[in-house]
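Everything below concerns the one structure shown next.
Just so it is clear, none of the values below were taken in a lab; they were calculated from the coordinates. Just so we're clear, the structure is a prediction, and the values are computed from it rather than from any experiment. Reconstructed Cβ throughout: ideal geometry from the backbone, glycine too, with neighbour counts over all protein chains shown.
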Amino acid sequence: MNDFDVVIVGAGFAGMYMLHKTRSMGLSARVFEAGDGVGGTWYWNRYPGARCDIESMEYSYSFSEELQQSWKWTERFAPQPEILKYANHVADRFDLRRDIRFSTRVSAAHFDASSARWTVRTDRGDVVSAQFVIMATGCLSSTNMPAFPGLDSYRGERYHTGEWPHEPVDFAGKRVGVIGTGSSAIQSIPIIARQASQLVVFQRTANYSIPARNAPLDPQYEARIKAEYPDFRARNRQMQGAFGSANPRNEVPALTSTPEDHRREFDKRWERGGLGFNGAFNDLMINQQANDIGRDYVAQKIRGIVKDPAVADLLAPRQVLGCKRICVDTDYYATFNAPHVELVDISQGGIEAITPTGVRAAGRTFDFDALVFATGFDAMTGSILKVDIRGRDGLALKDAWSAGPRTYLGLNVAGFPNLFTISGPGSPSVLTNMIISIEQHVDWISGCIRWMREQGKRTIEATVSAQDQWVDHVNAVAGMTLYPTCNSWYLGANVPGKTRVFMPLLGFPPYAQTCERVAANGYEGFAAA
Ligand code: NA7
């Protein structure tokens, strides 16, 4: 059996930086990656129009000044192929590939208390031993394919946005159905519509989408940021979501502002484009009445774009603005003005069945040459729980999490010594710029391992009481907001049968401070032996 200090599961942005960091500490590491290349979610999500919703000057590693100075982004929001190219560049630049086993999925990780080591198994028959196991499995990696009746009977082409083929898919002249209206659908629909002869979109819940206003990256802006990149990064780390310092939240409540103020601020942010729209007022996520003002503004914008009032009405979201991550788009709403594009409301009966030739929904039958499932992910816990993880006394993680994920700091689970989760549930993760959250976690885990070595400790694990308090804290913070009011994937509500728990923690800066304090206090809330 091969012995390593660290086994890392996944070679996305988390796994790659973790490998780089462990190497720099002189530790031996092996990474297992299911795909045949690096990039994680950006490796799998190759659907047309796939693009990051965080600006490219921010959605990139900050740990290497040379890297951030030398890499050139071409657009304000980077498209998937460019992000994948960047991931490959990082893998080459830091010579990461030699420690990564591609096309290999970790199937099990079992802890043995007597040796204080993990035994890790893969679907290719590898059996290795490691002191630490680090789950760098990503938050949006495990696709959600609903068990639609008749799914297997469908005879046409079929795609999931999260597992898109590597070759370009040509929809020219085809009748295409898209199920779902989340971010992946909203990005791909305008492009599919340009090719398809007929496009039918099945909408269960109308989503908020703000224009991206994507454009070639302004060279002057790029030069300005690069002239002070470390300061720019530091300012972003002070933002709630660890991004967007150039367009911060307007620290004024909507409730005490005038209708003119509302229009001016929302107009400004609609014109600027991107996720900053949600920062128009500081009470949008904590007060329903304030949020209603934002919701009505977006509905009125949709009515201004979509010509058929009945379609505009269907596209106007009813849920809290920002309750599900808002989408950013290029021409999404305008696409529904095209005569060959139809929106079908399935909010009442859902998809009744998939048939050999298409879909039955809303009491009608539809025939398609191709069906696109844009039905999202088993977010945050899906990929972790696909691995048979067993901690002390054979305790299975899926049992420890049967009532929803429980962690301390989103980094470790009581009863699972030396197992770390990068951007795990209970940490800010998906509510932030993921790469910055990943770096913060990797740095913290590395610091923890260094401390253990210095102190001569073999194991570290969260105490049950620290974990209980942390879970209460995450829930209490979410409970002060409007986030728990809709069926979002933050709550696991998109996956039938998944326990409804708000998984990410709001607020990056106080979280990062807590992590620092925990470390400074000798890893408070952890037991090390
Ligand atoms: P999302 O945002 O989870 O969207 C999935 C969509 O699929 C959403 O509109 C769902 O409707 C719909 N859906 C899911 N299950 C069904 C069933 N059973 N029937 C009909 N429709 C269904 O995933 P994305 O891939 O678009 O985006 C994920 C994140 O990636 C996004 O937030 C960005 O951060 C990047 P629902 O809203 O649940 O009614």
- Note on the structure: Taking Cα atoms, the helix 13-24 axis meets the longest principal axis of the chain at an angle in degrees (rounded to 10) of 20
- Task: Describe numerically, in nm with one decimal, the distance between label points set 7 Å from Cα along Cα→Cβ at Asp472 and at Glu66.
- Result: 4.9
- For the chain, the count of lysine pairs 8 or more apart or interchain whose alpha-carbon atoms are under 30 Å apart comes to 27
- Task: For region 104-175, divide the Cα radius of gyration by the Kirkwood radius and give the resulting Rg/Rh value with two decimals.
- Result: 1.18
- Taking the Cα atoms only, what angle lies between the long axis of helix 288-305 and the longest principal axis of the chain, rounded to 10 degrees? 50
- Net charge over other residues, Cβ less than 12 angstrom from the Cβ of Leu199 (K, R count +1; D, E count -1): +1
- Fewest to most Cβ atoms within 10 Å: Glu222, Glu228, Glu33 sort as Glu228, Glu222, Glu33
- Query: Taking 0.36 nm per intervening residue step and subtracting the Cα-Cα distance, what contour gain separates Asp152 from Ala338 on full extension?
  - Reply: 63.8 nm
- Calculated FRET value between Gln513 and Lys307, using beta carbons and R₀ = 60 Å, to 0.05: 0.75
- Treat every Asp and Glu Cβ in region 418-529 as -1 and every Lys and Arg Cβ as +1, leave all other atoms uncharged, and give the resulting dipole magnitude about the Cα centre to the nearest 20 debye. 200
- So between Ser114 and Ser24, what do we pick up on full extension, going 0.36 nm a residue minus the alpha carbon distance? 29.5 nm
- Query: Under a point spin-label approximation (7 Å from Cα along Cα-to-Cβ), what is the Met145-Asp399 distance to one decimal in nm?
  - Reply: 3.0
- Message: If neighbour count is taken as other Cβ atoms inside 10 Å, put Cys448, Cys486 in order from fewest to most.
- Response: Cys486, Cys448
- Query: In whole Å, how far is the Cα centre of region 230-289 from that of region 95-119?
  - Reply: 43
- Task: Please quote Rg/Rh for region 1-120 to two decimal places, taking the Kirkwood radius as Rh and restricting both calculations to Cα atoms.
- Result: 1.02
- Message: With equal scatterers on the alpha carbons only and no solvent term, can you work out the Debye log10 of I(q)/I(0) for region 207-359 at 0.10 1/Å?
- Response: -0.47
- By the C-alpha gyration tensor axes a ≥ b ≥ c (rounded if a/c is under 1.5, else prolate when a/b exceeds b/c, else oblate), the shape of region 271-417 is oblate
- Query: If you keep only loop residues by DSSP, which trypsin sites (Lys or Arg not before Pro) in region 436-529 have at most 15 other Cβ atoms within 10 Å of their Cβ?
  - Reply: Arg458, Arg500
- Item | Distance between modelled label sites at Asp3 and Thr357, nm, 7 Å Cα→Cβ extension | 6.5
- Pairwise Cα inverse-distance average, inverted: Kirkwood Rh of region 1-67 (Å): 13.7
- Cut-off 13 Å between beta-carbons: net charge of the residues surrounding Asp388, Lys and Arg +1, Asp and Glu -1: +3
- Using Cα pairs under 8 angstrom and six or more residues apart, how large is the relative contact order of region 341-400, in percent? 16
- Task: Relative to the longest principal axis of the C-alpha atoms of the chain, give the angle of the C-alpha long axis of helix 80-93, reported between 0 and 90° and rounded to the nearest 10°.
- Result: 20
- Based only on the alpha carbon positions, what is the Kirkwood hydrodynamic radius of region 420-491, in angstrom? 14.3
- Message: Only four residue types carry charge here, +1 at the Cβ of Lys and Arg and -1 at the Cβ of Asp and Glu. Report the dipole size of region 41-195 about the Cα centre in Debye, rounded to the nearest 20.
- Response: 440
- Query: Over the chain, what is the relative contact order in whole percent, taking alpha-carbon pairs under 8 Å and six or more residues apart?
  - Reply: 19
- Message: For region 403-529, report the % of Cα-Cα distances exceeding 24 Å.
- Response: 26
- Convex hull over the Cα atoms of the chain, averaged projected area in nm²? 24.2
- Can you tell me the dipole magnitude for the chain around its Cα centre, using point charges on the Cβ only (Lys, Arg +1; Asp, Glu -1), in Debye to the nearest 20? 320
- Item | Pairwise centroid distance, computed over Cα atoms, of region 350-419 with region 1-54, Å | 21
- Item | Surrounding net charge for Leu321, when Lys and Arg each add one and Asp and Glu each subtract one, Cβ distance under 9 Å | 0
- Query: On average, how much area does the Cα convex hull of region 139-223 cover when viewed from any direction, in nm²?
  - Reply: 8.5
